[in-house]
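Have a look at the structure below before the remarks.
What follows is calculated from the coordinates using simple rules that are stated; it is not laboratory data. Because the structure is a prediction, the values reported are computed rather than measured. Note that we place each Cβ from the backbone using ideal geometry, even for glycine, and neighbour counts take in every protein chain shown.
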Amino acid sequence: MTAETSFETVDPFDLPDWLGVSDVTWSAASGVRRGHAVSGLLTGEGHEPIPCDLLAVDPAYPAAVAPEDVRHDAHQAWRYGQVLLVRRDARLTLAVPGTGFTADLVLEAVGRLALAVGASVERYSVLLRIGVERP
């Protein structure tokens, strides 16, 4: 984590309304096998796209990727069937327990985002990029 990285909790009710009523696609801009962060974009027909990343909050070497309070809150939200929403360097980010991503974990995180904004998970889809295997 660099000194410039900032985290701010996001209330799902402060997100655009269309996320709760439109068909939404989360598209990965980078491969899910690349590590603890996957950049992406939320899109819906007729709406301005929203940058939305995934962050696995547990890597701590060579430096922590998230402050302890964010890690704690991400684990707590996950335990209760939710996902922690934060702004990380001004980008909406789903903070997820773990050190990396699988297809199943991405689906679960995006599904929890859908529930957070009051949408049916049936209205959400995910487009993944495979990426390269982590060493």
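Across all Cα pairs in the chain, the calculated P(r) in 5 Å bins from zero up to the longest distance comes to 2, 11, 21, 25, 21, 13, 5, 1, 0 percent per bin. List the relative contact order of the chain as a percent without decimals, with contacts defined as Cα pairs under 8 Å and 6+ residues apart. Taking the mean separation of contacting Cα pairs over the length of the chain, I get 34 percent. Here is the list for the range 79-135: GluC sites (Glu not before Pro) lying in DSSP coil, each with at most 14 other C-beta atoms within 10 angstrom of its C-beta, are 133. FRET efficiency for the residue 9 to residue 48 pair, using the beta carbon distance and R₀ = 22 Å, is estimated at 0.45. Given R0 = 25 Å, the distance between the Cβ atoms of residue 115 and residue 75 translates into a calculated FRET efficiency of 0.90. With axes computed from alpha carbons, what is the tilt in degrees of helix 68-79 against the longest principal axis of the chain, rounded to the nearest 10 within 0 to 90? Approximately 50 degrees, to the nearest ten.
Axis of helix 103-116 versus longest Cα principal axis of the chain: the two differ by about 60°, to the nearest ten degrees. Summarising the strand pairing of the chain, around 65 percent of its internal DSSP beta bridges are antiparallel. In the chain, the calculated helix contribution to ellipticity at 222 nm averages -6500 deg cm²/dmol per residue, counting -39,500 (n - 2.57) for every DSSP H run with n ≥ 4.
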